[in-house]
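Here's the structure we're looking at; comments come further down.
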Amino acid sequence: MKEPLPRRIRAFLRRTTLLDRIAFGVIVLWGAAQWARAFRISVPFSSFLGFLSFLGAVYFLFRILPWVRNRVLWRLRNRLIVAYVFIAVVPVILLLTMVGVAADLLYLELGAHLLHDDLQERIDLISADGDAIAGALGQELRQGSSPNNANLLSRPAVTGMISAAQESWSGLQVHLNQGEHLVRQGNGRHFAGLVESEGNLCFAAANQISDKSGSLFLVTEAPVTPAILDGLTSELGPIQMVLFQSTNEKPGTGLVYENQGRFYVAGQQVASRRRSLTKPAHRFDMRVNGASIFEAVRMKPEKDSTTAPVLASFSLRPSALNRRLFTSVGALGPALVTLLVVVGVIFLVLEAAALATGVVLTRTITRSVGDLYEGTLHVRQGDFSHRIRVRTRDQLGALGDSFNEMTSSISELIEEQRKRQRLENELSIAREVQNQLFPRSLPALPGLELAAICKPARTVSGDYYDFIQVGPSRLGIALADISGKGISAALLMASLQAALRSQAMLDGHGGTAALVARLNHHLFKNTSDDRYATFFYAVYDTVSRTLTYTNAGHLPPFFVLNGRVQTLDEGGTVVGLFDDSPYDQGVVQVSPGSVLVAFSDGLTEPENVYGEQFGLERLRDEVVRQQSSPPNRLAEGLIAASEQWAGTAEQADDITVVVARMG
């Protein structure tokens, strides 16, 4: 019967690691971010989240490799097909990925180049306006005006030039006797470019005007505004420019830029308002985001810094850049694009044909292997009359002939199979008989909850547990691990069960040590010298709230109360090996909420892939962690923890867990 879905989910989650859950959560978050992006919802750190999801996918790829190797790659045909895929398909995918990355970088570079050209056009424009104003001032100087005359900018000719420039520039200003260091930044006579003026990003031109009567410096500047960014002529989408200001200490938050050991924080930000990204021309016309760094010369240079970095970010569509790139070839542009698509399609068709050819060859090669496997299935079912059809006269054909000769001469295997079947039937009967030895129902005493699980490693188990009510308020709890496995261990278990129940019913209040001593004497007299059992027996009295026990060579059970663990190791050696062995008994005072956990060594001995056993310490930690669970859940949880440590449900030894919550 299938387990309920919630239990299967919990069992699956117990087998997963913390790293599995983190990787799965990151991938889910990335999927949610992509879904939000489809609805034009901005998600912060989406690029970093994409990188983490890529790492999570790579992690899961390595996690599923063992499963793929054991399930998918079991067939030789599948292995050869995978080999063809790695030889033919994977290189193409890597090549296409490289082309995509290269195209993305190319479009970023082209976008930065277009933005640089657009800004350079504005710089050339303000340079021309500055030259015109400087020319008018030079004319005034040649007419006899003094360079130190503060009213030079009020002269009609100069005012007219300034007014004409202000029609193209919003907020244009002209300053006399400023910008000497800007001119030095240029060619010694003239400068044009981006400047930082009182925390604002501006286009500026600086000129030096010389005459017989002297020289003066002129600065023409206009702030970078959203209207200017909206007026840029390229095919770029929204544009934003951020001016960075230097700081002496590394900022803790915000946008930070580092250059040559200096830190810069974001200052003025100017963004376009009416620019929008064109609609995609096709489904592969993805949005490409890019950025470029410019240097703005400071209008008032600082002691150790004459420039300020400017971050210009933009977005674009590859189709828009393609149209501009193919403009130079005219009508040949669409034809070239079509030719590129046709060549790519032909390339993919040839690649698919090569893969199909490889699959056909693989099927031809592996057909003989499949026939051999089918023949082995018939042999496994006892049908030795099946013969393999030999289609070719090669090495695989010779292998088929050998198989046919083998199946014709193994009639003795049929008898061996029948003997094995009889043995399995006997084991099945032994298993049914052994099941009758375990308690069919759990005793019910006030303040006592019980649970017990026995998972045999083979058809029959060598572990034994029992609950024996020895009085109105007293319950005996027994757990034994019989030496050996199989039918011999089951027979000794039956003898132990009969002796224990008879001794317990006649015991009265003689104590657990005396009972274990008599049981040891009985087994020693009635079993061979190499047969013995580890044995733990305890009696819980609900009236006196005491637990009396004797441990005969068994793994010490755990007695847990409020997170404190006591091991019950009072007793002696194993039973059935030495006659007249002395045994002691221990007494534990039971408080409300006390938990007794007894177990066999099959719970502690499973090893992980590194050969490390689950061990008593890890089991103790699990008991403390799950001590508040109901007894049946606690027993299942301990077995699940041991199996999760081993990484497989296959058992090397019988596993038995007995849990009693007392008080």
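The values are calculated or read from the model by the stated rules, or taken from the named source; none is laboratory data. What you see is a predicted model; the values in this text were computed from it and never measured. Cβ atoms come from the backbone with ideal geometry, glycine included; neighbour counts cover every protein chain shown.
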Within the set of pairs 6+ apart or on separate chains, which have a first residue in the stretch 170-197 that is within 23 Å of I293 (Cα to Cα), a second that is among the polar types (S, T, N, Q), and C-beta atoms under 6 Å apart? V183/Q208; F191/Q185; A192/S127
(1) surrounded by 12 or more Cβ atoms within 10 Å (Cβ to Cβ); (2) not assigned by TED's automatic domain parsing to the domain that holds T16: which one isn't true of L49, the others all being true? (2)
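This table checks each residue for (1) aliphatic (A, V, I, L, M); (2) within 48 Å of the chain's Cα centre (by Cα); (3) in a strand (DSSP E or B).
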site	(1), (2), (3)
T550	no, no, yes
Q566	no, yes, yes
Y583	no, no, no
V587	yes, no, yes
S591	no, yes, no
A598	yes, yes, yes
(1) of a type outside the set (G, A, S); (2) at pLDDT 80 or above; (3) assigned to a helix (DSSP H, G or I) all hold for R440 apart from (3)
Go through V543, V516, V560 for me and flag whichever is surrounded by fewer than 15 Cβ atoms within 10 Å (Cβ to Cβ), β-branched (V, I, T) and either assigned to a loop (DSSP other than H, G, I, E, B) or touching a residue at least 60 places away in the same chain (Cβ under 8 Å) (or both). V543
Exactly one of A134, A164, A102 is part of a helix (DSSP H, G or I), assigned by TED's automatic domain parsing to the domain that holds M241 and exposed (fewer than 14 other Cβ atoms within 10 Å of the Cβ), and that residue is A164
Which count do you get for residues in the stretch 597-614 that are modelled with pLDDT of 95 or more and more than 21 Å from G462 (Cα to Cα)? 0
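Rundown of residues vs (1) over 49 Å from the mean Cα position of the chain (by Cα); (2) surrounded by fewer than 18 Cβ atoms within 10 Å (Cβ to Cβ); (3) part of a helix (DSSP H, G or I), yes/no style:
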residue: G111; (1), (2), (3): no, no, yes
residue: D117; (1), (2), (3): no, yes, yes
residue: D129; (1), (2), (3): yes, no, yes
residue: G160; (1), (2), (3): yes, yes, yes
residue: S170; (1), (2), (3): yes, yes, no
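Which of the following residues is part of a helix (DSSP H, G or I), in contact (Cβ under 8 Å) with a residue 60 or more places away in the chain and surrounded by 11 or more Cβ atoms within 10 Å (Cβ to Cβ): I27, I81?
Values: I27 fails: in contact (Cβ under 8 Å) with a residue 60 or more places away in the chain.
Just a single option satisfies the conditions, and that option is I81.
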